[in-house]
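The values are calculated or read from the model by the stated rules, or taken from the named source; none is laboratory data. Note that the structure is a prediction, hence the values are computed from the model and not measured. Because the Cβ atoms are built from the backbone with ideal geometry, glycine has one as well, and the counts that use them run over all protein chains shown.
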Amino acid sequence: MDKLPRWADIALVPFINLALALIVSGLVVALIGQDPFEALAIMVNGAVGSSYGWGYTLYYATNFVFTGLAVAVAFHASLFNIGGEGQAQLGALGVALVCLAVPWPHWTLALPVAILGGALFGAAWAAIPAYLQARRGSHIVITTIMFNFIASALLVYLLISALKAPGMAPETVRFPEGARLPTALEVFGAIGIPFSRTPLNVSFIVALIACWGVWVLIWRTRLGYEIRAFGRSEPAARYAGISPFRITMLAMLISGGLAGLMAVNAVMGEQERLIQDNVLGAGFVGIAVALMGRSHPVGVLLAAILFGALYQGGAELEFETSVPREMVVVIQALVILFTGALDGMVRSPLERVFLTFRKQPKPGLAPETRP
Amino acid sequence: MTFTKTLLGAAAAGALLAGAASAEPGLIIDLGGKFDKSFNESAFTGAQRWVEETGGDYMETELASEAQREQTMRRMAERGANPVMVLGFANASTLETVAPDYPDTTFVIVDAVVDQPNVQSVVFAEHEGSYLAGMMAAMASETDTVSFVGGMDVPLIRKFACGYAQGAKAVNPDIEVISNMTGTTPSAWNDPVKGGELTRSQVSQGSDVVYAAAGGTGTGVLQAAADEGIMAIGVDSNQNYMHPGTMLTSMVKRVDNAVYDAFEAAQNGNLETGLQEKNLSNDGVVVAMDEFNADLVTEEMTAAVEQAKADIVSGEIQVHDYSSDDSCPALDF
């Protein structure tokens, strides 16, 4: 029997984590001489108080949905893929190559191919650590994080040589007009709803479809069942005839592909050219998102929106007040720390509380039922 | 598309109207940070000086990452800041797309040329200032070897190195000029440890004057020079005070003046768009002489520098600009 009721597991624990993180952040803000309540108000208002805020929040959330799903799928196979950063960077390369290779006439043609390109490159980058894990037993945590550095170096190399645009900055030329994804401003504008100019674009819908797709994969397909079985117990899965090699490879390929899809939003939807630092740490935020979302697509979506709001609210806080940029990073880090790393700190006491509540009636009843 | 354009225009106009009441200038501090003791700090100093002297107010924000350039720039423009000042060539391609969306806002970009009707592009004749620094280095050197540490390997930084080498060779045609770049990405602007390593390696090759044109990386170069007991030349801001006794001079790029002038002009309503060149003739670039390097600068040096400066201004000496044709007659990269 589960120690925690379901609602406590998926709602109460993350909520307490978040509240603790905000309290500590507030203390830190107060320590540097700012008003924590005002700071919180600016962050909330900046993130969800206007269509501008929502646009950016959901734009960042789209990134985190992809990387969060990537980590979640690997989690189900009990593989800890912390290479989302590198896989997304390679995905960016794939998307950029697609966008630059053909003078796209319309985005509807460019988008599917870009999705394919991003997913393929991301998956390919995950394939090597996956193979090393499945065949050689090299631990995936070590290999994937090392591959982040290789990806970053590879991208730098390409951006200062083959792909470099004329000029001084290490970036590619802008993508052709036909590869530009419609933004929320245009989509809502077409049906007469005013929306601020933000980078939120149709990739958000791709992210929602990806959420649904992962749910179908994990809970409604044979492969998903195998991934979960393998994740719960490798010996049992092996005994049931599930090939560990096959599941490790497939889970990591899907994971890498999802991380690579992030580039459709960030690179194709916003930056419209390949730059060096295109992932913005979303690969690592994806780990926190997957942890907080309990590796369930709905949870991942909600957690991604929360982190999107933190990113956008943080940017706003930096802009509106004299809270320095580093402080905003500290606040974001505290939320990640409490929801990710210190999860057990809340969970164990909470489990004890729930267990005592559940057990209490028994000793009470026992004497009476005795003759 | 036309529809979209109209919509964008309307949105921009709306944003401007909203912010028109407070047309404060806006300054976006670039990667590397406000207190890099170099390029960004110089801009910040200029803005502070403007505040002190005019009592005006300005908006300021620090860029968080490469990918947030556009958001930050648009945010600044939509908040009603006018002019919006961005620092560094890395902003060029972003500004190229952002500027047309805010036709009533003037943008000022330092170190790059953006050809838009509402953009003022401020460029500096770094090759001229570096030429003078190179002359001083060659005159101060006893080993006939001087060196250069660049930040990110881009034409702009090669322009510094090329001017420096030309100046050194004008004094001593046989001098050896060693040149190293810290890296090829923006992180090369903020890597003092590697800057120090490069300097030590140059010292082991015989260099006794090092010129750092590397943003925040330069602090490592100057520190290593002080530790090794050789002379160093700072850049962008006047860095002479950092290590008195080993700082030969600083090739000061008056980014602070560019900021001050732009803010001042905007307040008086006469900010001009187009290209602004800051060079030796208008004191846009200077070699810093103050109490911290007075002991190292000989009278002979001062005279030679003054003479060369006059000759460059009059056109008698032509300093080759690396970025004009991506080549350097005095130095191989």
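Looking at the stretch A:133-155 only, could you name the residues that are over 14 Å from A:Ala88 (Cβ atoms) and touching a Pro at 6+ places or on another chain (Cβ under 7 Å)?
Within the stretch A:133-155, A:Ala134, A:Ile140, A:Thr143 qualify.
For the subset of the stretch A:156-167 comprising residues that are more than 7 Å from chain B (Cβ to nearest Cβ) and of a type in the set (A, V, I, L, M), which member is nearest to A:Ala96 (Cα to Cα)?
A:Leu163
Can you tell which of A:Leu291, A:Leu337, A:Leu301 is part of a helix (DSSP H, G or I) and surrounded by fewer than 19 Cβ atoms within 10 Å (Cβ to Cβ)?
The unique qualifying residue is A:Leu337.
Kindly indicate whether A:Tyr131 is surrounded by fewer than 19 Cβ atoms within 10 Å (Cβ to Cβ), more than 20 Å from the chain's Cα centre (by Cα) and within 23 Å of A:Gly231 (Cβ to Cβ).
It is true that A:Tyr131 is surrounded by fewer than 19 Cβ atoms within 10 Å (Cβ to Cβ), more than 20 Å from the chain's Cα centre (by Cα) and within 23 Å of A:Gly231 (Cβ to Cβ).
Tell me which of these B:Ile233 doesn't satisfy, since it passes every other one: (1) part of a loop (DSSP other than H, G, I, E, B); (2) modelled with pLDDT of 95 or more.
(1)
When you check A:Thr356 against the structure, is it closer than 28 Å to A:Gly46 by Cβ, assigned to a helix (DSSP H, G or I) and either hydroxyl-bearing (Ser, Thr, Tyr) or without any contact (Cβ under 8 Å) to a residue 60 or more places away in the chain (or both), yes or no?
No: the conditions fail for A:Thr356.
List, please: which pairs have Cβ atoms under 6 Å, are six or more places apart or on different chains, and start with a residue in the stretch B:93-119 that is touching a residue at least 40 places away in the same chain (Cβ under 8 Å) and farther than 20 Å from A:Arg273 by Cα and end with one that is in a helix (DSSP H, G or I) and not aliphatic (A, V, I, L, M)?
Hits for this filter: B:Asp111/B:Phe89.
Within the stretch A:68-79, is there a residue that is at positive phi and in contact (Cβ under 8 Å) with a residue 12 or more places away in the chain?
The answer is yes, given that some residue of the stretch A:68-79 is at positive phi and in contact (Cβ under 8 Å) with a residue 12 or more places away in the chain.
Output the residues belonging to the stretch A:6-58 that are closer than 21 Å to A:Ile336 by Cβ, touching a Phe, Trp or Tyr at 6+ places or on another chain (Cβ under 9 Å) and of a type in the set (S, T, N, Q).
If the condition is that a residue be closer than 21 Å to A:Ile336 by Cβ, touching a Phe, Trp or Tyr at 6+ places or on another chain (Cβ under 9 Å) and of a type in the set (S, T, N, Q), then A:Asn17, A:Thr57 are the ones that fit.
Tell me the residue from B:Ala125, B:Ala90, B:Ala64 that is within 13 Å of another protein chain (Cβ to nearest Cβ) and surrounded by fewer than 24 Cβ atoms within 10 Å (Cβ to Cβ), please.
Being within 13 Å of another protein chain (Cβ to nearest Cβ) and surrounded by fewer than 24 Cβ atoms within 10 Å (Cβ to Cβ) holds for just one of B:Ala125, B:Ala90, B:Ala64, which is B:Ala64.
Does A:Val285 satisfy being within 14 Å of chain B (Cβ to nearest Cβ) and under 14 Å from A:Val65 (Cα atoms)?
yes
Could you identify the single residue in B:Val210, B:Val221 that is within 23 Å of B:Gly183 (Cα to Cα), touching a strand residue (DSSP E or B) at 6+ places or on another chain (Cβ under 7 Å) and in a helix (DSSP H, G or I)?
None of the others qualify; the one that does is B:Val221.
Out of the residues in the stretch A:168-199 that are closer than 29 Å to B:Val110 by Cα and acidic (Asp, Glu), state the one that is nearest to the other protein chains (Cβ to nearest Cβ).
My answer is A:Glu171.
Do the conditions hold for A:Gly286, that is, is it buried (at least 21 other Cβ atoms within 10 Å of the Cβ), within 21 Å of A:Gly26 (Cα to Cα) and touching a residue at least 40 places away in the same chain (Cβ under 8 Å)?
no
Would you call A:Ile254 more than 12 Å from chain B (Cβ to nearest Cβ) and modelled with pLDDT of 95 or more?
yes
Kindly indicate whether B:Ser187 is farther than 30 Å from B:Val210 by Cβ and within 14 Å of another protein chain (Cβ to nearest Cβ).
Considered against the rule, which asks whether it is farther than 30 Å from B:Val210 by Cβ and within 14 Å of another protein chain (Cβ to nearest Cβ), B:Ser187 comes out as no.
Answer with yes or no whether B:Asp261 is of a type in the set (D, E, K, R) and not assigned by TED's automatic domain parsing to the domain that holds B:Thr219.
Here the answer is yes, as B:Asp261 does meet what is asked.
Among the numbered conditions (1) among the aliphatic types (A, V, I, L, M); (2) surrounded by fewer than 18 Cβ atoms within 10 Å (Cβ to Cβ); (3) under 30 Å from A:Trp54 (Cα atoms); (4) at pLDDT below 95, tell me where A:Ile150 comes up short.
A:Ile150 satisfies all of (1) among the aliphatic types (A, V, I, L, M); (2) surrounded by fewer than 18 Cβ atoms within 10 Å (Cβ to Cβ); (3) under 30 Å from A:Trp54 (Cα atoms); (4) at pLDDT below 95 except (3).
Condition test on B:Ser141, is it closer than 14 Å to B:Ser323 by Cβ and either within 13 Å of another protein chain (Cβ to nearest Cβ) or surrounded by fewer than 24 Cβ atoms within 10 Å (Cβ to Cβ) (or both)?
Against the criterion (closer than 14 Å to B:Ser323 by Cβ and either within 13 Å of another protein chain (Cβ to nearest Cβ) or surrounded by fewer than 24 Cβ atoms within 10 Å (Cβ to Cβ) (or both)), B:Ser141 does not qualify.
Please work out if B:Glu52 is surrounded by fewer than 18 Cβ atoms within 10 Å (Cβ to Cβ), more than 13 Å from chain A (Cβ to nearest Cβ) and either in contact (Cβ under 8 Å) with a residue 12 or more places away in the chain or out of contact with any Lys or Arg (no Cβ under 8 Å at 6 or more places or on another chain) (or both).
yes
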